[in-house]
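Engineer: Okay, here's the structure, questions in a sec.
What follows draws every value from the coordinates through simple rules; no lab data is involved. Fair warning: this is a prediction, and the values are worked out from it, not measured in the lab. Reconstructed Cβ throughout: ideal geometry from the backbone, glycine too, with neighbour counts over all protein chains shown.
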Amino acid sequence: MRFPWRLNYDLSKYILGNSLKKIDRYPLVLMLEPTHLCNLACSGCGRIREYAGTIQEMMSLEECLAAVDECPAPIVTITGGEPLLYPPVYDLVNEVLARGKHIQFCTNALLLGDALDRLSPHPNFTLNVHMDGLEETHDRILERKGTFKIAVESIKKAKRLGFRVCTNTTIFRDSDLLEMEMLFSMLTDLGVDGILVAPGFSYVAVGEELFLERQEIERKFREVYAMSKRFRFWSTPMYLRFLMGEKKLQCTPWGNPTRNTQGWKAPCYLITDGHYKSFAELMEKTEWGRYGVGKDERCAQCMMHCGFEPTVVREISKSWRDMLEMAIWNFT
């Protein structure tokens, strides 16, 4: 099974429960950002630029856990910033797991080697390490030499200790797809459990030169889709077919709600029109109909997984062909 069986079970139960209750809008993943503080200044990162004025602020452990309790999503992605810079991060991980939630822990891996000695493998815990290319490319995008080697050594140690590890790769305009194929092959040899891949989002604060437009995304992802047949991708086949232009999807902005130091971020992980004090306010007061391709110009080129993978969950049951494709993919 491609995804952990407990995640499959808990997610399926949660989705079915909402369907039986006829709840149309519900979150799948809570994006929890206890801090935006980071030990890197990556070329494509919008967070450190958008929140530059509040980057030193941190959520308290109590605020983080209140957000987890408020939001019914079965998965919590702990991200940032670099979450290993958050002082009570180990307490946070333990408390979230104690609540029966699944954790995707996103890290650039610079501090991961030492952190692994204070973390423990758990069926609901997955390390998510960002890998944007082989050594020269990865170090250039992260704007620091040596980051690739540190990440590789951290992945090796994590696998040696029994952790589940997936990687996350962003495809930019200048990404060499032959290099990406070599990267995925190397990660497979390291024993990573899954590979996530997505096109970069064109943050206004970053500039346009790094990012792909929709036609470029579709062209590049035809090749990436072919790679998904040979490597253990966690990006779903429907999402990949959407990226290559074969499937038409509209985003589900409430699928991955974000809670950070400023509040509940509206409308989505990528666009900020304001922050709400509670999850309930976010869901009730956000004008969801205003957002999406053809509705808001900021959404025009967006094909990011945080908006469209939740759509896959909503769409999958509408076609037996899609359900069969997903079942075959998940069990191979």
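Engineer: Which value, in debye to the nearest 20, describes the size of the charge dipole of segment 52-166 about its Cα centre when Lys and Arg Cβ atoms bear +1, Asp and Glu Cβ atoms bear -1, and nothing else is charged?
Structural biologist: Working: 12 positive and 16 negative charges, 129 e Å.
With only Lys, Arg, Asp and Glu charged at Cβ, the dipole is about 620 debye.
Engineer: For segment 5-330, build the charge dipole from Cβ charges (+1 Lys, Arg; -1 Asp, Glu) around the Cα centre, then report which of M58, G81, V224 sits farthest towards its positive end.
Structural biologist: Farthest along the dipole direction, towards plus: V224.
Engineer: Another question, if that's okay. Classify segment 1-60 as rounded, prolate or oblate, taking a ≥ b ≥ c as the square roots of the eigenvalues of its Cα gyration tensor: rounded when a/c is under 1.5, otherwise prolate if a/b is larger than b/c and oblate if not.
Structural biologist: Values: a/c = 3.17, a/b = 2.19, b/c = 1.45.
Prolate.
Engineer: Can I ask one more? How high is the FRET efficiency from S19 to N330, r the C-beta distance, R0 22 Å, rounded to 0.05?
Structural biologist: Values: r = 19 Å, r/R0 = 0.86.
The formula returns an efficiency of 0.70 here.
Engineer: At a threshold of 8 angstrom on Cα-Cα distance, excluding pairs fewer than six apart, so keeping six or more, what relative contact order does segment 5-330 reach in percent? Working shown, then result.
Structural biologist: Working: 539 pairs, mean separation 53.6, N = 326.
About 16 percent, as a whole number.
Engineer: Compute the relative contact order of segment 66-218 as a whole-number percentage, counting only Cα pairs closer than 8 Å that sit 6 or more residues apart in sequence. It would help to have the intermediate numbers written out before the result.
Structural biologist: Working: 203 pairs, mean separation 27.8, N = 153.
In percent, rounded to a whole number, it is 18.
Engineer: Then there's this: Kirkwood-based Rg over Rh for the chain (C-alpha set), two decimals?
Structural biologist: Numbers: Rg = 18.6 Å, Rh = 20.1 Å.
Value, to two decimals: 0.92.
Engineer: What is the magnitude of the charge dipole of segment 5-330 about its Cα centre, with +1 placed on the Cβ of each Lys and Arg, -1 on the Cβ of each Asp and Glu, and no other charges, expressed in debye to the nearest 20?
Structural biologist: Values: 40 positive and 43 negative charges, 207 e Å.
The calculated dipole for segment 5-330 is roughly 1000 debye.
Engineer: Note the full-extension length gain between R232 and Y90 as 0.36 nm times their separation in residues minus their Cα-Cα distance, in nm to one decimal.
Structural biologist: On the way: separation 142, 0.36 × 142 = 51.12 nm, distance 2.88 nm.
Extra length from R232 to Y90 when fully extended: 48.2 nm.
Engineer: If you don't mind, there's one more thing I want to ask. With the Cα gyration tensor of segment 68-166 in hand, give its eigenvalues times 5 under a square root as the equivalent ellipsoid semi-axes, listed largest first in whole angstrom.
Structural biologist: Values: eigenvalues 123, 41, 27 Å².
Equivalent-ellipsoid dimensions as semi-axes: 25, 14, 12 Å.
Engineer: OK, next. As a test of understanding, state the convex hull volume per residue of segment 130-255 from its alpha carbons, in Å³. Don't skip to the answer; put the middle values down first.
Structural biologist: Working: hull volume 15.6 nm³, N = 126.
Convex hull volume per residue, Cα atoms: 124 Å³.
Engineer: Calculate, in nm to one decimal, what T272 and E284 gain on full extension: separation in residues at 0.36 nm each, minus their alpha carbon distance.
Structural biologist: That pair, T272 and E284, stretches by 2.7 nm at full extension.
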